[in-house]
1. With respect to the numbered conditions (1) open to solvent by 20 Å² or more (accessible area, probe 1.4 Å); (2) at pLDDT below 90, which one is the sole condition not fulfilled by His241?
2. Among the residues of segment 476-494, is any over 24 Å from Phe519 (Cβ atoms), at pLDDT 80 or above and surrounded by fewer than 14 Cβ atoms within 10 Å (Cβ to Cβ)?
3. Does segment 264-276 include one or more residues that are under 26 Å from Tyr672 (Cα atoms), open to solvent by 30 Å² or more (accessible area, probe 1.4 Å) and of a type outside the set (Val, Ile, Thr)?
4. Just give me the residues in segment 505-537 being free of Cβ contacts under 8 Å to residues at least 60 places away in the same chain and either assigned to a loop (DSSP other than H, G, I, E, B) or surrounded by fewer than 21 Cβ atoms within 10 Å (Cβ to Cβ) (or both), in sequence order.
5. In segment 321-340, which residues are closer than 28 Å to Asn642 by Cα, touching a helix residue (DSSP H, G or I) at 6+ places or on another chain (Cβ under 7 Å) and part of a helix (DSSP H, G or I)?
6. If you go through segment 135-152 one residue at a time, how many are under 17 Å from Ala120 (Cα atoms) and either in contact (Cβ under 8 Å) with a residue 12 or more places away in the chain or not polar (S, T, N, Q) (or both)?
7. Condition check: open to solvent by less than 100 Å² (accessible area, probe 1.4 Å), at pLDDT 90 or above and in a loop (DSSP other than H, G, I, E, B). Does Leu641 satisfy that?
8. Open to solvent by less than 40 Å² (accessible area, probe 1.4 Å), in contact with a Pro (Cβ under 7 Å, 6 or more places away or on another chain) and touching a residue at least 40 places away in the same chain (Cβ under 8 Å): is that true of Val340 in this structure?
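The values are calculated or read from the model by the stated rules, or taken from the named source; none is laboratory data. Note that the structure is a prediction, hence the values are computed from the model and not measured. Because the Cβ atoms are built from the backbone with ideal geometry, glycine has one as well, and the counts that use them run over all protein chains shown. Heads up: the accessible areas ignore ligands, DNA and RNA and are worked out on the full protein's heavy atoms, side chains in. Shrake-Rupley method; radii C 1.70, N 1.55, O 1.52, S 1.80 Å.
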Amino acid sequence: MSTQDAQESSPSSLSTSSFEMVEPAEVYDPVIPHWFYHKLQDGKESWLPFSREDSQVLEEAFCSGRNPQSIVIPTCGGRYDVYFGSRKRRAVYWEEAESEVQRCTWFYKGEKDNKYVPYAEDFSQVLEDAYMLAVTQNQWKRKLESPSRDIIILHNPKLMVHYQPTGMPDVWGATQSEQGRPRTVKRGVENISVEIPSGEPSQIDHLMFMVHGIGPACDLQFRSIVQCVSDFRHVALNLLHAHFKRAEEQELIGRVEFLPVNWHSALHADATGVDNDIQRITLPSISRLRHFTNETLLDLFFYNSPTYCQTIVDTVCGEMNRIYQIFLERNPTFKGRVSVTGHSLGSLILFDLLTNQPDTTQGCHVQTKLQAQGAGPLEDSQPLATLLQELELTEFQALFQKEKMDVNSLALCSEQDLKDLGIPLGPRKKILHYLNLRRQQDCSAQGTNTGSDHKQPPFASGGTLNVVNYEYFDVGIGQVSITYPQLNFHPEIFFAWGSPIGMFLTVRGLKRINPKYQFPTCKRFFNIYHPFDPVAYRIEPMVNREEEFEPMLIPHHKGRKRMHLELKEGLTRMGTDILGSLRIAWQTFTRPPLPSLPPPTAEAAVLSGSDLPLAPDGKTTENEAPACVKEDPPQIDVGMLNGGHRFDYVLQEKPIESFNEYLFALQSHLCYWASEDTALLFLKEIYQTMEISMDQPLT
């Protein structure tokens, strides 16, 4: 072998630059794709990544070789479906504009927000082929032209740029290709600054419906109910990982599914025509303020209108039933329970709806008990004709005879049944009021209060404090006379946020809630509010009017109280201790001298302290300090609305909020959607029903 051949084959004879040029040929790896979806939010377009779990499922479907038109993949916890044939992402439970889905491998930096934008799938494959040739053949400085006539130059694996031509063609008709500011080009999702969301557990332990308040926006950023619920779901999932880690590791829990219930769009849709009617009478001045009033504040007046109140209640109940049915179809193995949440006016809507839910289980129990005793549901010896004569409704006797009805069958009729028979509102109310009284009398005569405990209240106190008996008018708790629909499920817990329920009950003329009252189909209730919320009101003082007591303080999600609250309590306690010490010292100085005692005898001097006789009645002597006895907090009777437990819960304000209550008043009414403390209270109460507690209880 010649010296020249030996030098060419020897590694030491190669230059450093030559060695670096050969190295890339050995490090080429195919790019790892990640799936993104396009979303238009607040007028801004952005590409958002799927979770790694969803992206992997989509990639497996892409590589399966199946017909794309027949592939539908549930993503984002089952709330969105991806249709492979059209590459579209569609919402399952609510109406939302469909978004484009794309398999992404190459990205370039955008102009405005510096976020990376993916290239189209076809052109991304062109870039990947060029990159592979550049690496394997060690031929860089490759220039490619995109379908939009942009220029992409691959200088080396770490420097790839995108030029957007901005110059005018020269005299030869050519365009300067490398003008303008170059944009960075990246290969693979791991090389761009994007936050890939974490996946969600497939197991769903509990379903939560969330109802918004007035207006189309739910927070200060004017975001919709769908966006706010999405943020709350993300906060709850993070808290679940942090505070229920032990239960997660043991696979005892999965997650809680939060789904939005939108009623505002149905109320203001073209079907009702209310927006057009309001617009015709709206003054042209201060148009923006009047538009805000028409879209937001008028919802309060709509709810007090019989026509639109019926629309709102039907929409809320219908949406929950519709979503619940879809959820069961998509989750056939779901064995958990359902709860509801309402913010502001939404909490009042749920309160009225749950108050007017019939307890079908209880009704069957009472009917079975009466039939076992040989009686019908409302057995009456007098014929139907006599009853109609007493009620001065004899003109409807022929109608009832045509339907072959007697007193017992009349007792089984609902208001809707009487309405379908063509009976006007006034006679309907007379008949229903008579039937309600007969049910109460029969229950009392049978010696049972199974039905009266639930039917007697809607909040009637039974004492002199209840000035107006709304039960007489059969309109529930002072609400406008509408027909309340029935939910297809029994809620486990009802959470109210920033709720005006207490105020509305008071202005309806109800001064006290009967301590025995509870929702017919819901066991638990929580009234959660921020201390500076101008819309929120307490409810516990309407049950217990005899005592003054503070609401329950919601612990901070990291434990203990906020620092400024502990400092404030410490200073208050210190001041109390100082005043108490000064008072004791003053009493000591001003106390008259006690008569002197004779000196102890020789026998008493040799006795040990344990052998000395005790003071009479087991009391300590005057100079002996009393032992510190820890007293349990007094039990406060707040009725059965929350199963005998407290239900007024107050959040801890942030340090900056304590400087000016008025400045943060509006923000405090909208803070619940992003509140970690509220979300943790949700999880704590929900999983307590499953006998699962947090890793460490918060104090």
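1. (2)
2. no
3. Yes, that holds for at least one residue.
4. Listed by number, the residues that qualify are Thr506, Val507, Arg508, Gly509, Leu510, Lys511, Arg512, Tyr537.
5. none
6. 8
7. Considered against the rule, which asks whether it is open to solvent by less than 100 Å² (accessible area, probe 1.4 Å), at pLDDT 90 or above and in a loop (DSSP other than H, G, I, E, B), Leu641 comes out as yes.
8. For Val340, the condition - open to solvent by less than 40 Å² (accessible area, probe 1.4 Å), in contact with a Pro (Cβ under 7 Å, 6 or more places away or on another chain) and touching a residue at least 40 places away in the same chain (Cβ under 8 Å) - is met.
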